[in-house]
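Participant: Below is a structure I'd like to ask you about.
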Amino acid sequence: MADQIKTLKIENYEKELDRQKMELKNLQLQIHPHFLYNSLSYIVTVADKPEAVTEMAVHLADYYRYCTKKKAITSIGEEVSYAKAYLSIMAMRKSLTYNINVSESLYDTPIIPLILQPVIENAIEHAIEERENAKYLFVKIYKLPDGSVRFEISDDGDGMSEKEIELLLENLHKKNRDEEESVGLWNVNQRLINYYDSSAGLRFGRSIWGGLLVSFTILPKRTENEAVDC
């Protein structure tokens, strides 16, 4: 009986790993070609400015190097570096002011990959770009007394009403995503809940600028099996 239980646990664990790999692969596939096209177009427009060309090329290399990795677990430090590469690219192409506030003591904290950037991308596309003169984005990552880590992404867009937030949460918690819904937020929310627990899902509120505040809180896991490539 003990052997059967052990075998069942191993099978369930392997199924969980396979599911996580598929979720990550689906998110990697959503990397839009137009992001690369627009960035390359920017390089063409500043071809007479070698420093700008070099800067954009470096950020693009960092961006695609990370988002194409097949790692089951990464670190907050790597997630932040990836987010900075993305934000640096967007700041060069658009009117965007951003700040990332995170203590270096959290850099080695393990986390599932491609969690932070999709939320940031959503804020830029659906908040900042849709409101005239909106340009601020603030990322804050900090540790709570119970050892969990909280992530907050704020913007100065139009924000969302309580009814809109309620509908968004309803859609994000569907097991299957509707075609017209954002794949980024849905994927992030599903992966947070599946890997950690239901309390790790995305939360929404109002930012200090009157825009949207998106947050999630995780309790980091540390096991040998999680620190391997897919």
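Participant: Tell me, what ³J(HN,Hα) does each residue in segment 208-215 have, in order and in whole Hz, if you take phi through Karplus 6.51 cos²θ - 1.76 cosθ + 1.60 with θ = phi - 60° and put x for Gly and Pro?
Facilitator: Going residue by residue, I get 5, 8, x, x, 9, 10, 10, 9 Hz, with x marking Gly and Pro.
Participant: Relative contact order of segment 64-166: what whole-number percent is it, with Cα pairs under 8 angstrom and at least 6 residues apart?
Facilitator: 27 percent
Participant: Between GLU129 and GLU162, take the C-beta separation as r, use R0 = 22 Å, and let me know the FRET efficiency to the nearest 0.05. Display every interim value, and only then the final one.
Facilitator: Details: r = 23 Å, r/R0 = 1.06.
Given R0 = 22 Å and the Cβ-Cβ separation, E is 0.40.
Participant: For THR45 and LYS69, what does the FRET efficiency come to when R0 = 41 Å and r is the distance between their Cβ atoms, rounded to the nearest 0.05? If you can, show how the numbers build up before the last one.
Facilitator: Values: r = 30 Å, r/R0 = 0.73.
FRET efficiency, THR45 to LYS69: 0.85.
Participant: Still on this structure, please answer the following. Roll a 1.4 angstrom probe over the protein heavy atoms and tell me the percent of accessible area of segment 147-221 that is carbon or sulfur. Don't jump to the answer; show the numbers that get you there.
Facilitator: Details: 1840 of 3640 Å².
Ligands and nucleic acids excluded, carbon and sulfur give 50 percent.
Participant: At 0.36 nm per residue, minus the direct Cα-Cα distance, what do ASP146 and ASN38 gain on full extension? Give it in nm, one decimal, please. Can you show the working numbers first?
Facilitator: Numbers: separation 108, 0.36 × 108 = 38.88 nm, distance 4.29 nm.
Length gained, ASP146 through ASN38: 34.6 nm.
Participant: In debye, nearest 20, what is the charge dipole magnitude of segment 95-198 about its Cα centre with +1 on Lys and Arg Cβ and -1 on Asp and Glu Cβ, if you could check?
Facilitator: Values: 10 positive and 21 negative charges, 95 e Å.
Dipole magnitude for segment 95-198 comes out near 460 debye.
Participant: Starting from the Cα gyration tensor of segment 74-221, take the square roots of the eigenvalues, sort them a ≥ b ≥ c, and report rounded, prolate or oblate (rounded when a/c is under 1.5, otherwise prolate if a/b is larger than b/c, else oblate). Don't skip to the end; give the middle numbers.
Facilitator: Details: a/c = 1.56, a/b = 1.09, b/c = 1.44.
Oblate.
Participant: Classify segment 47-100 as rounded, prolate or oblate from the Cα gyration tensor: take a ≥ b ≥ c as the square roots of its eigenvalues, call it rounded if a/c is under 1.5, otherwise prolate when a/b beats b/c and oblate if not. Write out the running numbers ahead of the final one.
Facilitator: Numbers: a/c = 3.18, a/b = 1.63, b/c = 1.95.
In terms of gyration-tensor shape, oblate.
Participant: Is the shape of segment 138-223 best called rounded, prolate or oblate, per the rule: a/c under 1.5 gives rounded, else a/b larger than b/c gives prolate, else oblate, with a ≥ b ≥ c the square roots of the Cα gyration tensor eigenvalues? All intermediate terms of the calculation are to be shown ahead of the outcome.
Facilitator: Numbers: a/c = 2.28, a/b = 1.13, b/c = 2.02.
Judged from the Cα gyration tensor, segment 138-223 comes out oblate (a/c at least 1.5, b/c at or above a/b).
Participant: Just the accessible area per residue of segment 143-215, please: how many Å² with a 1.4 Å probe?
Facilitator: Values: 3830 Å² over 73 residues.
Per residue, segment 143-215 has an accessible area of 52 Å².
Participant: Taking only protein heavy atoms into account and a 1.4 Å probe, give the accessible area per residue of segment 68-142 in Å².
Facilitator: Working: 3200 Å² over 75 residues.
Per-residue value: 43 Å².
Participant: Skipping prolines and chain starts, which residues have an amide H placed within reach, meaning under 5 Å, of the one on LEU212, given they are 5 or more residues away or on another chain?
Facilitator: Residues meeting the criterion, in which the H sits 1.01 Å from N, are ASP155, GLY157, GLY159, SER207.
The values are calculated or read from the model by the stated rules, or taken from the named source; none is laboratory data. All values derive from a computational prediction rather than experimental measurement. With ideal geometry, Cβ positions are generated from the backbone for all residues, glycine too; neighbour counts draw on all protein chains shown. Surface areas here come from the heavy atoms of the whole protein model, side chains and all, with no ligands, DNA or RNA. Shrake-Rupley method; radii C 1.70, N 1.55, O 1.52, S 1.80 Å.
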